[in-house]
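Bear in mind that the values in this text are calculations on the coordinates, not laboratory data. Just so it is clear, the model here is predicted, and its values are computed rather than measured. All Cβ positions, glycine included, derive from the backbone under ideal geometry; neighbour counts span all protein chains shown.
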């Protein structure tokens, strides 16, 4: 009788600057399924991991913003393609984390479709939200959107793949780079999604994904002086208060996306891109 | 290039006689109450404070010091007006009321200009040619948006927020009131506005205009007072949105104070803009742009071009021309039509500017001031340059908010950009070059909300204004300025 | 001969080094001069100064000795009802009329300016232009207003334009040379600035905007650009050059704004007829009416001021 093959367990690591390190802290937490079996050991990301991610995101940002809108669109489309190719893996991971088979399939499909949706916006949102302003003097005046820069995202706890994708896609579609804190209770898809990103021509540092404890990292996400905007997707008044209070230290932009049902079609909208855009207005004389 | 013997002489010879704007048609009451629910009412605690003319240090009037009870009354009036009239009114009708405000300001333009200069110290040339016409234009522009909001937000429905609390600064008193009130009303909100304590008078005049325009009571409420009154507005639970223009320090306090509330906010804060002159620029126009950039409104401008960067090969020429030009600037009576630089807004501000002069000298900077006469009485300050400074100097890093320019040189394009962006601020920037592709490269690279290329300090109601980084959140003006006063739904 | 003159004049400057000019910025600066409010004694002082800076001009195909004599009479007797008025700086006529003017102005401290060099188009050969110049000087002109060859300038033949000015300067002898750029034909302020630099380096004592035969003639915009060129030339060389806007300046208010611009661009040293002139035919009477109004407080009628 042939011996049963030993399965190879996956190591879930974090994603910083296009690399997959373990947390510098060496800490981890065991992720258990409903029955209490350990599925995997998850990195308990630290403030230093976050700091390193911000450095990576900052250095990647100008290049990513300068990439042509067409190229950004192609890369987002590529992410969708890669996710489609690994569809079964993501469905399985969601199920491992307690999502029903049907819901898991729906979530993965929607995540793919949402990526396609935002891929298409990359070279269009500028046309929708820009303006040529008819000033009274002899000047040509126009307002365009520019990325805010580095965006720190605390992804939704429940919608661990679709919610994650729905926050990352509009941020990077608009030329931002980001640091994302994955769902604490369902972190598997985030790490696997990092692998998808890695295989999709997304330049290192454009998306950085950490796993860990929200209670430990919220302050870091909100307070870091080199982060331009912070998005938080869960939490009540206490979290809202803390995030905005700390964010004010560098007048960080704060985007609250709480109580959002990410499966709704309404989340297909370019205003999610606009949330992390600045408006720049340029004047120039008209003369000879 | 300029040798000492080839100097131009601007002193002596033919000079301009005083040409004061007349004040005899101006009516300023001895005392102003609070404008709440369509009426001027006395403050609950009966306290008033003086507002003075910074050019003469004489008292102009007394205005009410609103307590939190007064603010509460104003917020309730605004809420009631929102619920019963303004929020329900047909948008086109709202627009017509706002058009009326624009028209009345145009009719009373001279009166507004004179009072603005009396109360705030700015030269009449600016209040007459810039502040007041732009304020009227702002109301005119946003009036037209009232019934067209569905075109401003494709795919979304814009709804008003409710009651907006607005706190404005002393550098452009009427214009800032217009920037705040016009879009708020157009989007269907009602407002409680607090003007700055040193410049309340044109706001009180604006209250009269609101009355004359027949707006329903409570749609616009104006409460005067100092920081405490502002805090009462920010903290009031009945307010849905805070719009603030002022220092980054206070903006930060407000952002923190609003944490955990559901209030929307826009902040228009400080700046330390870079004005970058390349060797291939139209040098004479660039010099004029430097002057407009830093000496406009006594330098009390958040987007002032207070850090000048000149390419080394033309630095001597630019600085020499700038010094010549400074000799022709007239500092003095704000009401004189020939005055270029009026009075510093307050004693406190004058002392702050003077303290920065000391700091600059102590840091080893070279200082140059124009040789013009300055009135003995009142708060005046000569146009001033610092040279021999670097990014490490405090006068380069901190917002002085006065007619003080810090000059640095640069050699290469990337050096200019890196230094220009080397600041927590990001409100505005300027670039001067004759080369088109370089203009676009520069304007894309400067991290700021407004970039002036081959011009500086231009404003228009259709043109969005606001900062990156610590210079603020949100935009005012233009299509993008509507955003601050609506919530978007499907 | 021309070659020797060119050698004396010095080198053609590198016009690519001339700074760019931004039209909108110039307009804004001019608007700022125009916002100056000149009242009371500063206005009276300005009006008198303007009178003293006028080149009273007649340049028409129909000019006759009779017309020129009348003009000279006006130059001497601006408005005898008002004592203490200065005379104009010069009368400006065609070369054939210089003799008439000379005789009429005998004993008065008024200069005789003559246009020359195939005025106004300048479309002739260098030798004809030089003869034209010498004829005017020989007849008694103390100032020569030449036109540059705009066609050559626009075609980029700066060397030709430069040499021509230098040759005319040489032909002028002791007479002052005013070089007319005809800015209305140059098209852009950038070219105005370049032409100013070229003319000064070639030997101009004055630079002048226009012939008065082409629209637009003098504007504050082109004058400002020329004043700035004069300032830069002075700073570079220490040599003062005069400025003459001509054509289209017919009201006191506008002329006062020119003075404001002069004062704030070049400073006090230029605020004399030696360094600044207005080329105008109808300005004098408007200035006189304003002066009368300032002294009597009553608005004036043109019927009370002689037209010649």
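Assorted remarks:
- Residue order for A:58, B:125, fewest other beta carbons within 10 angstrom first, comes to A:58, B:125.
- Peptides B:457-464, B:336-343, C:74-81 ordered by packing proxy, namely the average of other Cβ atoms within 10 Å per residue, highest first: B:336-343, B:457-464, C:74-81.
- Overall Cα dimensions of the stretch B:42-196 - principal axes, largest extent first, Å: 54, 39, 23
- Acute angle (nearest 10 degrees) that the helix A:69-85 long axis makes with the longest principal axis of chain A, alpha-carbon atoms: 20 degrees
- Note on residue A:271/residue A:138: beta-carbon distance plugged into 1/(1 + (r/R0)^6) with R0 of 35 Å gives a FRET efficiency of 0.55.
- The simple spin-label model puts a point 7 Å past each Cα toward its Cβ; for residue C:307 and residue A:81 those points are separated by 8.4 nm.
- Among A:138, A:223, A:160, the largest mean-square fluctuation in a Gaussian network model of chain A, built with springs joining Cα atoms closer than 10 Å, belongs to A:138.
- Acute angle (nearest 10 degrees) that the helix A:101-121 long axis makes with the longest principal axis of chain A, alpha-carbon atoms: 20 degrees
- In this label model, residue B:50 and residue B:352 are separated by 2.2 nm, measuring between points 7 Å along each Cα→Cβ vector.
- FRET efficiency estimate (nearest 0.05) - Cβ-Cβ, residue A:185 to residue B:418, R0 60 angstrom: 0.85
- Label-reachable residues, the stretch C:165-207, where backbone N falls under 16 Å from a point 7 Å from residue C:155's Cα toward its Cβ: C:165
- For the stretch C:1-115: Kirkwood Rh in Å [reciprocal of mean 1/r, alpha carbons]: 18.0 Å
- Hull volume in cubic angstrom per residue (convex hull over the Cα atoms of the stretch B:257-313): 117 Å³
- Ordered by the number of other Cβ atoms lying within 10 Å of each residue's own Cβ, fewest first, B:326, C:226, B:348 fall into the sequence B:348, B:326, C:226.
- Average partner coverage of B:287-295, which counts Cβ from other chains inside 10 Å: 2
- Working note: Cα gyration tensor of the stretch A:104-198, eigenvalues times five, square-rooted, sorted largest first, giving semi-axes of 34, 14, 10 Å.
- For a label point 7 Å along the Cα-to-beta-carbon line of residue B:150, residues of the stretch B:70-91 with backbone N under 13 Å: B:91
- Subtracting the Cα-Cα distance of residue A:130 and residue A:241 from their residue separation scaled by 0.36 nm leaves 36.7 nm.
- Rounded to 10°, Cα long-axis angle of helix A:47-66 versus longest principal axis of chain A: 50 degrees
- The three principal axes of the Cα atoms in the stretch A:80-160 give end-to-end lengths of 64, 24, 17 Å, sorted in falling order.
- Sum of -39500 (n - 2.57) over DSSP H runs of 4+, divided by residues of chain B (222 nm, nearest 500): -10500 deg cm²/dmol
- Debye intensity ratio in log₁₀ form over the Cα atoms of the protein assembly as shown, taken at each q of 0.07, 0.10 Å⁻¹: -0.74, -1.20
- Build a GNM of chain C with springs between Cα atoms under 10 Å apart, and of C:89, C:202, C:155 the one that fluctuates most is C:155.
- Gained length - residue A:51 relative to residue A:288, 0.36 nm times residue gap less alpha-carbon distance: 80.3 nm
- A straight chain from residue B:96 to residue B:129 at 0.36 nm per residue would run longer than the Cα-Cα distance by 9.4 nm.
- Counting every C-alpha pair in the stretch A:241-288, the share spaced more than 18 angstrom apart comes to 56%.
- Cα-based equivalent ellipsoid, the stretch A:1-70: semi-axes from gyration tensor eigenvalues, Å: 34, 18, 11
- Distance between the C-alpha centres of the stretch B:205-247 and the stretch A:234-270: 28 Å, rounded to the whole angstrom.
- Within 10 Å of each Cβ in A:219-231, the average number of Cβ atoms from other chains: 1
- Projection of the Cα convex hull of chain A, averaged over all directions and equal to a quarter of that hull's surface, yields 18.0 nm².
- Cα-Cα separations in the stretch C:152-308 greater than 23 Å, expressed as whole percent: 41 percent
- Choice from C:104, C:284, C:255 with maximal GNM fluctuation in chain C (Cα, 10 Å cutoff): C:104
- Residues A:12, C:234, sorted so that the one with the fewest Cβ neighbours within 10 Å comes first: C:234, A:12
- Centroid-to-centroid separation of the stretch A:27-83 and the stretch C:56-114 [C-alpha atoms, Å]: 88 Å
- Computed over every Cα-Cα pair of chain C and binned at 20 Å starting from 0, the pair-distance distribution P(r) comes out as 35, 58, 7 percent.
- Scattering from chain B was approximated by placing one identical point on each alpha carbon and applying the Debye formula without solvent; log10 I(q)/I(0) at 0.07, 0.10 1/Å stands at -0.37, -0.75.
- Binned Cα-Cα distance frequencies in the stretch A:17-58 - 10 Å width, integer %: 28, 41, 23, 8, 0
- Spin-label proximity, residue B:262 to the stretch B:448-490 - amide N less than 19 Å from point 7 Å beyond Cα toward beta carbon: B:484-490
- Considering only Cα atoms, the convex hull volume of the stretch A:174-214 works out to 71 Å³ per residue.
- Secondary structure note: in chain B, about 35% of the DSSP beta bridges are antiparallel.
- DSSP-defined antiparallel bridges as percent of all bridges, the protein assembly as shown, nearest 5: 30 percent
- FRET efficiency, 1/(1 + (r/R0)^6) with R0 51 Å, evaluated for residue B:316 and residue C:63 via beta carbons: 0.50
- Helices in chain C, meaning DSSP H runs of at least 4 residues, each add -39500 (n - 2.57). Divided by all residues, the mean residue ellipticity at 222 nm is -15000 deg cm²/dmol.
- The stretch B:207-357 pair-distance distribution - Cα-Cα, 10 Å bins, rounded %: 9, 25, 27, 22, 13, 3, 0
- Only helices enter the 222 nm calculation for chain A: every DSSP H run of n ≥ 4 contributes -39,500 (n - 2.57), and dividing by all residues gives -13000 deg cm²/dmol, rounded to 500.
- In the stretch B:1-107, the C-alpha radius of gyration followed by the widest Cα-Cα span (Dmax) gives 24.0, 74 angstrom.
- Take each residue of peptide C:37-48, count the partner chain Cβ atoms within 10 Å of its Cβ, and average: the result is 4.
- Square roots of 5 times each gyration tensor eigenvalue, C-alpha, the stretch C:265-308, largest first, Å: 26, 15, 7
- Label-point separation in nm, residue C:39 to residue A:158, each point 7 Å along Cα→Cβ: 7.3 nm
- Between the stretch B:256-329 and the stretch B:342-413, the C-alpha centres lie 13 angstrom from each other.
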